[in-house]
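Student: Please see the structure below; I have some questions.
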Amino acid sequence: MPYNETLRSLKKIITTKDGSQTLYSSEFDECYHSTNDGALNETLQKHIIPAFTLVPKKDRLVILDICFGLGYNTLATIYYCKLHKISTKIDIISPEFDGALVQSLKDFVYPVEFDSLRPIIKQLSETFRYQDEQFSITILTGDARATLPNIKEKIDIIYQDAFSPKKNPLLWTKEYFTMLHKLCSDDAIMTTYSSATPVRMGMWESGFKLFIPPKSNVRSGTIATLGLLELESIDMELKLQRNPEAKSLKDSEYQ
Ligand SMILES: C[S@@+](CC[C@H](N)C(=O)[O-])C[C@H]1O[C@@H](n2cnc3c(N)ncnc32)[C@H](O)[C@@H]1O
């Protein structure tokens, strides 16, 4: 079977609770989004809204979208900026090693909210790049662990949206978060759906400060930043006192 067909046969389309579609990956034995929270709803509530609410105002924002997948985070960023008439210049960099998936996205059925973004989706699926006066998008093909160190820009927002730590641990280790920390601007915001202690330990040990996300209609995760935020902070020293066994994931356990 050609590579594309083999790959597609490993994926199944799933309709999530808000009516938007996602995929199930049998390679990772996991869905690309929470079926209960809804693909579009989860994207907006866990990543885009908290990031844009908390990030300091700037003329230009550089966003790291880990990883591109179906592109919901990238597309919802554009949707959100257009909806709220945010004219900030936005550069999005997004690693993704499944090139065949990106190429197939021109045929994916997205929610109606993305209807006006069809030309962007088509161009991304053909060239892995998009640019207009406000937005630039670059999909970095290959393994994120290999492509991330080559990024020269300082990142303002990270959507940490990899498959779960159990299924894709190398995108959740202390060494991985140390790599992200080096890429961050002084007031960068990282959003993630994970509230697992080993994940929080890895973020904290690599220098991030941790906070409970603002209340929303989805399962809570973690907000990480280099600066301070007016949110409830997560006291990792206290957590460690209460649970001395708590530890981060380490590259050496998975390589
Ligand atoms: C949970 S999905 C991303 C969901 C995405 N935000 C979306 O809207 O669909 C995780 C993605 O990470 C990609 N991936 C997994 N490990 C990777 C790696 N080491 N480097 C690059 N991409 C990776 C998978 O191919 C998959 O597309």
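Student: Answer yes or no as to whether Ala51 is surrounded by 21 or more Cβ atoms within 10 Å (Cβ to Cβ), within 12 Å of the ligand (Cβ to nearest atom) and within 13 Å of the chain's Cα centre (by Cα).
Tutor: So Ala51 does not fit the description; no.
Student: Would you check if there is a residue in region 104-113 being of a type outside the set (Asp, Glu), at pLDDT 95 or above and more than 16 Å from the ligand (Cβ to nearest atom)?
Tutor: Among the residues of region 104-113, at least one is of a type outside the set (Asp, Glu), at pLDDT 95 or above and more than 16 Å from the ligand (Cβ to nearest atom), which makes the answer yes.
Student: Could I ask something else about it? Looking at region 54-86 only, could you name the residues that are within 12 Å of the ligand (Cβ to nearest atom) and of a type in the set (Ser, Thr, Tyr)?
Tutor: Residues satisfying the conditions are Tyr72, Thr74, Thr77.
Student: Next up: Which of (1) of a type outside the set (Val, Ile, Thr); (2) within 13 Å of the ligand (Cβ to nearest atom); (3) under 23 Å from Glu42 (Cβ atoms) does Arg145 not meet, given it meets every other one?
Tutor: (3)
Student: Another one. Just the residues that are within 13 Å of the ligand (Cβ to nearest atom) and under 17 Å from Tyr130 (Cα atoms), please, taken from region 87-100.
Tutor: Ile92, Ile93, Ser94, Pro95, Glu96, Gly99
Student: Where the second residue is in a loop (DSSP other than H, G, I, E, B) and of a type in the set (Lys, Arg) and the first is surrounded by 13 or more Cβ atoms within 10 Å (Cβ to Cβ) and lies in region 15-28, which pairs have Cβ atoms under 6 Å and are six or more apart or on separate chains?
Tutor: Pairs that qualify, where the first residue is surrounded by 13 or more Cβ atoms within 10 Å (Cβ to Cβ) and the partner is in a loop (DSSP other than H, G, I, E, B) and of a type in the set (Lys, Arg), are Phe28/Lys167.
Student: Considering each residue of region 8-34, count those that are within 8 Å of the ligand (Cβ to nearest atom) and either over 20 Å from the mean Cα position of the chain (by Cα) or among the hydroxyl-bearing types (Ser, Thr, Tyr) (or both), and give that number.
Tutor: Qualifying residue count, region 8-34: 3.
Conditions tested, residue by residue: (1) surrounded by 15 or more Cβ atoms within 10 Å (Cβ to Cβ); (2) more than 17 Å from the chain's Cα centre (by Cα); (3) under 24 Å from Val62 (Cα atoms).
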position: Cys184; (1), (2), (3): yes, no, yes
position: Thr191; (1), (2), (3): yes, no, yes
position: Val199; (1), (2), (3): yes, no, yes
position: Ile234; (1), (2), (3): yes, yes, no
position: Glu237; (1), (2), (3): no, yes, no
position: Asp251; (1), (2), (3): no, yes, no
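Student: Looking at region 148-174 only, could you name the residues that are within 8 Å of the ligand (Cβ to nearest atom) and buried (at least 19 other Cβ atoms within 10 Å of the Cβ)?
Tutor: Once the filter is applied, which keeps residues that are within 8 Å of the ligand (Cβ to nearest atom) and buried (at least 19 other Cβ atoms within 10 Å of the Cβ), region 148-174 yields Tyr159, Asp161, Ala162, Phe163, Leu171.
Student: Any residue that is under 16 Å from Ile49 (Cβ atoms), modelled with pLDDT of 95 or more and not hydrophobic (A, V, I, L, M, F, W, C) - is there at least one of those in region 166-186?
Tutor: Among the residues of region 166-186, not one is under 16 Å from Ile49 (Cβ atoms), modelled with pLDDT of 95 or more and not hydrophobic (A, V, I, L, M, F, W, C), which makes the answer no.
Student: I need the full set of residues from region 83-139 which are loosely packed, with under 13 Cβ neighbours inside 10 Å and either within 18 Å of the chain's Cα centre (by Cα) or on the phi > 0 side of the Ramachandran plot (or both), in order please.
Tutor: Lys85, Arg129
Student: Enumerate the pairs (first residue in region 122-134 and under 22 Å from Thr88 (Cα atoms); second residue anywhere and assigned to a strand (DSSP E or B) and of a type in the set (D, E, K, R)) with beta-carbon separation below 7 Å, excluding pairs fewer than 6 apart on the same chain, so at least 6 apart or on different chains.
Tutor: What qualifies is Gln134/Lys89.
The values are calculated or read from the model by the stated rules, or taken from the named source; none is laboratory data. Given the structure is predicted, the values throughout are model-derived calculations rather than measurements. For neighbour counting, all protein chains shown are included, and Cβ atoms are generated from backbone atoms with ideal geometry for every residue, glycine included.
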